[in-house]
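Heads up: the structure comes next, in structure tokens.
The values are calculated or read from the model by the stated rules, or taken from the named source; none is laboratory data. These numbers were taken from a predicted model, which means no experiment stands behind them. Methodologically, a virtual Cβ is constructed for each residue, glycine included, from the backbone with ideal geometry; neighbour enumeration extends over all protein chains shown. Calculation scope for accessible area: heavy atoms of the full protein, side chains included, ligands and nucleic acids excluded. Shrake-Rupley method; radii C 1.70, N 1.55, O 1.52, S 1.80 Å.
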Amino acid sequence: MPVQWKGTKFKGVRYYEHSTRKRGVAKDKYFTIRYQRDGKRLEEGIGWASERDPKDGKYWTAEKAALVLAELKGTARGLSEGPSRLVEKREKAKAQKKKQQAEQERLERENITFDRFMTETYLPQCQRDKKHKTYINEEGLYRLHLADTIGALPFSKIKAFHLERIKKDMTDRKLSPRTIQYVLQLTRQAFHVARKTGVYDGESPTRNVRWPKLDNMKLRYLRAGEAEKLLDALAGRSKTLHDMALLSLHCGLRFGEIANLKWSCVNWKAKTLAILNAKAGSRLAYLTGQAKKVLWERGIGSPDELIFKKRSGAEGPMQQASKVFTDVINGLKLNEGVADAKQRVTFHTLRHTYATHLYESTHDLYLTQRSLGHASGEMTKRYARMTENRLRDGAEAIEKALAVGGKEKEKLEQASHFSK
């Protein structure tokens, strides 16, 4: 049914009524304006009487519609600046509103504090996407070292000197360089996620911080006789700990990698272990005859069952070697009189022992790297360059070279003397 247009006392303004909806006691009215532009007669809708003008928040009336028409006519005659058509005016207002919203969002993002981002975005995402142990570690690092120092600052206000101050405070409290490095890494990761999520578009202040140098390389490794004594002692105290230690010694596995092994990881025919979700990604470890025998004697369980379960029967993998390991080490006096942590025997010493003996036997750096699951050769070089026998071979080679050089020089001097 066509609408019935009705005129108003304002020239160029007309309306039609809604068939059912009312505005007060009268029917709701839809106002339009009509005018000439470039020789064409145009008509543009203004809005319903029940709607508000977004500019001043007041309801539309015939009088307000007439004011809009007068403004457009004034612009067309050059009497005022702005759009000369209502559609242009609305597009300009829409663009301006969009610009204002973008600026407001930008200001809101810039004012998001580091604490708000960490507690509302980063840490919840960490809890969802990372291992539970990683979340606990990162939450603790933030709470203990960052929350009270830079938590109240927005990202744009956090500078390198804030992190240098945190470094100094941690150093004064005798915290290890490794812990300081973890805090800086967490800060860098937070800035990275902030950039990805559009919260911040600048650089991380960690770029301008001098990171502590680490010297946490394990220098100690076990000789064959020491390793044999350790395994014998562990066998008398805990079969599980003995078997885990043997796997580390024979396959170069970390404690966490062993603790997370399931029976589905074992390929008996290929004599391999699937090491899943390791530090540098999943890899295969190859079983020695003894390692395969140890696993076989444990009794094969269901595919999703952990090979090494907690003694308490609780679910989930073990987090660290039990105190029995330390007691056995102390009983064998392997750490007696040793204060330097790099020289003390720990469970990780078994992996280091594997790497050291593997390289000494093969002198193959790439083979050692692949066997350990290192992402690059730089980590593996630490094991290669510190093998005691290789260093001793080097010293002996220098001694021989100098001795030969000395004899040759002496012969030349004697020949020169007799030729005169």
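Observations on the structure shown:
- Close pairs (6 angstrom Cβ cut-off, 6 or more residues apart or separate chains): touching a residue at least 60 places away in the same chain (Cβ under 8 Å) and outside any loop (DSSP other than H, G, I, E, B) in segment 323-344, of a type in the set (A, V, I, L, M) and surrounded by 11 or more Cβ atoms within 10 Å (Cβ to Cβ) anywhere: VAL324/LEU241; PHE325/LEU241; VAL328/ALA233; VAL328/LEU234; ILE329/VAL345; LYS342/LEU219; GLN343/LEU219
- Restricting attention to segment 1-48, the residues being of a type in the set (Ser, Thr, Tyr), in contact with a helix residue (DSSP H, G or I) (Cβ under 7 Å, 6 or more places away or on another chain) and either surrounded by fewer than 16 Cβ atoms within 10 Å (Cβ to Cβ) or closer than 14 Å to ARG85 by Cβ (or both) number 1.
- When ALA147 is tested against (1) farther than 19 Å from GLY202 by Cβ; (2) modelled with pLDDT under 95; (3) open to solvent by less than 100 Å² (accessible area, probe 1.4 Å), just one condition goes unmet, and that condition is (2).
- Contact map, segment 42-71: residues that are at positive phi paired with residues that are open to solvent by less than 40 Å² (accessible area, probe 1.4 Å), Cβ distance under 8 Å, separation 6+ or inter-chain. Pairs shown: GLY47/PHE31; GLY47/ASP53; GLY47/TRP60.
- Note on segment 291-308: residues that are exposed (fewer than 11 other Cβ atoms within 10 Å of the Cβ) and in contact with a Ser or Thr (Cβ under 7 Å, 6 or more places away or on another chain) amount to 2.
- A count restricted to segment 14-47 and to residues that are modelled with pLDDT of 95 or more and of a type in the set (A, V, I, L, M, F, W, C) stands at 1.
- Inclusion of VAL199 among residues that are open to solvent by less than 70 Å² (accessible area, probe 1.4 Å) and assigned to a helix (DSSP H, G or I) is not warranted.
- Single unsatisfied condition, LYS269 versus (1) within 23 Å of MET379 (Cα to Cα); (2) out of contact with any strand residue (DSSP E or B) (no Cβ under 8 Å at 6 or more places or on another chain); (3) basic (Lys, Arg): (1)
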